[in-house]
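Single-structure report; data block below.
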Amino acid sequence: MDVVSAGNRVVLTALDPRDLETLARWDEDADVTRFAGRRFAGLATALQWWRQVRSDARHVVLAIRTRDGRVIGDVELVHIDWLRGEAELRIRIGEPRFRSRGYGREAVEAAAAYAARRGLRRLYLRVDVRNEPAIRCYLRAGFRKSGRLKAGHRPAAGVADLYLMERILAMATASGEGVSVKFR
């Protein structure tokens with residue numbers, strides 16, 4: 001298990017194909033899919049997705065694990081723009097007993113540290129305005145609201161506005177200290 005970033009209680013590692021069954025199982029959990037939607041139509045779809053992600057330089061997916069190696073969630077950097085130094089962050093904590101207990105915030109912070117080490121300067125995300133636990137998590141992890149995306153005049157059932165949130169990442173210096181720089 002090669003750790004790419006860590007918090008006090010969580011580590012981020014490369015996603016292993018053995019983890020896909022767990023990710024596919026989370027798609028059966030209404031609490032996971034309420035805001036994130038369904039990702040897979042079964043294990044075969046999950047494997048196909050994993051193969052595609054591995055070959056895409058603009059997409060990184062990492063497993064969120066407890067210190068003892070249990071997979072409790074996943075985090076993705078998508079739409080990575082290496083020239084602009086930015087990416088969209090997506091995260092989910094799939095295991096119910098680890099939700100709303102700070103594991104998501106630790107994983108977001110570990111993902112931000114990982115992204116900064118890879119040369120990214122900005123992370124952004126979209127979150128349903130009704131998803132108050134996630135919004136609190138992102139604010140505690142250093143994100144700020146930067147806009148609101150309207151659902152439209154005739155939203156479909158269950159469709160709501162989204163907050164656009166962003167976090168400017170600290171760039172590492174030669175001494176290893178972080179320097180926060182805002183790029184526009």
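Here, each number is a calculation from the coordinates, and none is a lab measurement. What you are looking at is a predicted structure, and each value in this text was computed from that prediction instead of being measured. Cβ atoms come from the backbone with ideal geometry, glycine included; neighbour counts cover every protein chain shown.
Could you point to the residue in Val129, Thr22, Thr45 farthest towards the positive end of region 3-180's charge dipole, with +1 and -1 charges on the Cβ of Lys/Arg and Asp/Glu respectively?
About the Cα centre, the residue reaching furthest to the positive side is Val129.
So if R0 is 25 Å, what FRET efficiency would Asp29 and Lys145 give, r being the distance between their Cβ atoms, rounded to the nearest 0.05? Mind showing how you got there, number by number?
Numbers: r = 27 Å, r/R0 = 1.09.
With a Förster radius of 25 Å, E is 0.35.
Just Gly85, Gly94, Gly37 to compare: in a GNM of the chain, with alpha carbon springs under 10 Å, which one fluctuates most?
Gly37
Taking amide hydrogens as modeled 1.01 Å from N in the peptide plane, which residues meet the under 5 Å criterion relative to Ser5, leaving out close sequence neighbours?
Close amide H contacts, sequence-distant or interchain: Leu12.
Based only on other Cβ atoms within 10 Å, what is the fewest-to-most ordering of Tyr103, Tyr138?
Working: Tyr103 22, Tyr138 25.
Final ranking by Cβ density, sparse to dense: Tyr103, Tyr138.
Looking at [x] 47, 34, 33; [y] 38, 37, 35; [z] 46, 45, 33, which value of Cα extents along the principal axes in Å comes from a calculation on the structure shown?
Structure-derived value, by its label: [z].
From the phi angles alone, apply the Karplus equation (6.51, -1.76, 1.60; θ = phi - 60°) to region 64-81 and give each ³J(HN,Hα) in whole Hz, x where the residue is Gly or Pro.
9, 10, 6, 4, 8, x, 6, 6, 10, x, 8, 9, 10, 10, 10, 6, 5, 10
Under 8 Å for C-alpha pairs, at least 6 residues apart: give me the relative contact order for region 1-148, rounded to a whole percent.
On the way: 220 pairs, mean separation 33.0, N = 148.
It rounds to 22 percent for region 1-148.
Place a +1 charge on the Cβ of each Lys and Arg in the chain and a -1 charge on the Cβ of each Asp and Glu, then give the dipole magnitude about the Cα centre in debye, rounded to the nearest 20.
On the way: 35 positive and 23 negative charges, 128 e Å.
Roughly 620 debye for the chain.
Could you run the Debye sum over the Cα atoms of region 11-111, one equal point scatterer each and no solvent, and tell me log10 of I(q)/I(0) at q = 0.12, 0.19, 0.21 Å⁻¹, two decimals?
Values, matching the q order: -0.37, -0.96, -1.17.
What FRET efficiency, computed as 1/(1 + (r/R0)^6) with R0 = 45 Å and r the Cβ-Cβ distance, is obtained for Arg97 and Arg118, rounded to the nearest 0.05?
Values: r = 31 Å, r/R0 = 0.69.
So the FRET efficiency works out to roughly 0.90.
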